[in-house]
Amino acid sequence: MSVDNGAARQQADETVLVVDDEPQIVRALRINLAARGYRVVTAHDGSAALRAVAEVKPDVVVLDLGLPDMDGTEVIAGLRGWTAVPIIVLSARGDSSDKVQALDAGADDYVTKPFGMDELLARLRAAVRRSVTSGKDEAGAVVETSSFTVDLVAKKVIRDGEEVHLTKTEWGVLELLVRNRGRLVAQKQLLHEVWGPAYDTESHYLRVYLAQLRRKLEREPSRPKHLLTEPGMGYRFEL
């Protein structure tokens, strides 16, 4: 991760995180953004991008989908687990299916390479304006309960000072509940987002996995304080 504070501060004072592994693209964006007063932070893979958002808290993210360690849609999904920072996808993938997948994952806009710098800058300004005017409070990346701590960036859970091993599916269920904390998450939504649309009626999966999570995380699994069941409706995470 690198930072360019830029000498010229003509129009903006926002921080932009550029996530791309193509040096030429990164250089062009750094020069053009810094010249317009933006503070530029760069990351060359998905893991670095997730850390950078947590550490730097940028005003907008410009994200390539073809990253060396993970697909950009995974980065979007990971960020949307805890932050509403505007995300503009900048990708060579022009198929409508790629655009739909990125937007469904939580991207705010999509620009196809090769791109016009003026258009990208206009979209970036619009994304920052929407973010400022929405005034939406962001949930923290680290969520603490009286029993355990969930780190949505590092994708891990700590209990009594030690990391708790969760399977990919257990993490998927927990993450969805945590980022909707305080709100009821319907059974169908959980099944659809964690297992896929073919499993929308397999409610017994949820009973099994919620029981496993309670055994691993709750002080008293039979009397859970954080992973709650709303009979016949769904589940809810409470601090």
*Can you give me the relative contact order of the chain as a percent, contacts being Cα pairs under 8 Å and 6 or more apart?*
13
_Along each principal axis, Cα extent of region 171-232, largest first, Å_ = 34, 22, 21
*Would you kindly calculate the mean projected area, averaged across all directions, of the convex hull enclosing the Cα atoms of the chain, in square nanometres?*
13.9
*Per residue solvent-accessible surface (Å²) - region 15-121, probe of 1.4 Å*: 39
*asked:* How large is the translational diffusion coefficient of region 29-161 in µm² per second when you combine the Kirkwood radius over alpha carbon pairs with Stokes-Einstein at 10 °C and 1.306 mPa s?
replied: 101
*asked:* So, taking all protein chains as they sit and a 1.4 Å probe, how much accessible area belongs to Ser47, in Å² rounded to tens?
replied: 50
*Fraction of accessible area attributable to carbon and sulfur, region 7-83 (%, probe 1.4 Å)*: 46
*Pairs of lysine in the chain with Cα under 13 Å and at least 8 positions apart or on different chains: total?*
4
*Which length gain, in nm to one decimal place, applies between Ala186 and Met70 when the Cα-Cα distance is subtracted from 0.36 nm times their residue separation?*
38.9 nm
*How long is the gain from Glu202 to Asp13 if the chain were fully straight, where each residue apart is worth 0.36 nm and the alpha carbon distance is subtracted?*
63.1 nm
*Note the per residue figure in Å³ for the convex hull of the C-alpha positions in region 137-220.*
105
_Using a 7 Å offset from Cα along Cα-Cβ at Lys57, what residues in region 75-90 end up with backbone N under 18 Å from the label point?_
79-87
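The values are calculated or read from the model by the stated rules, or taken from the named source; none is laboratory data. Being a predicted model, the structure only gives us computed values, none of them experimental. Because the Cβ atoms are built from the backbone with ideal geometry, glycine has one as well, and the counts that use them run over all protein chains shown. Please note that ligands, DNA and RNA were not included when accessible areas were found on the heavy atoms of the full protein model with its side chains. Shrake-Rupley method; radii C 1.70, N 1.55, O 1.52, S 1.80 Å.
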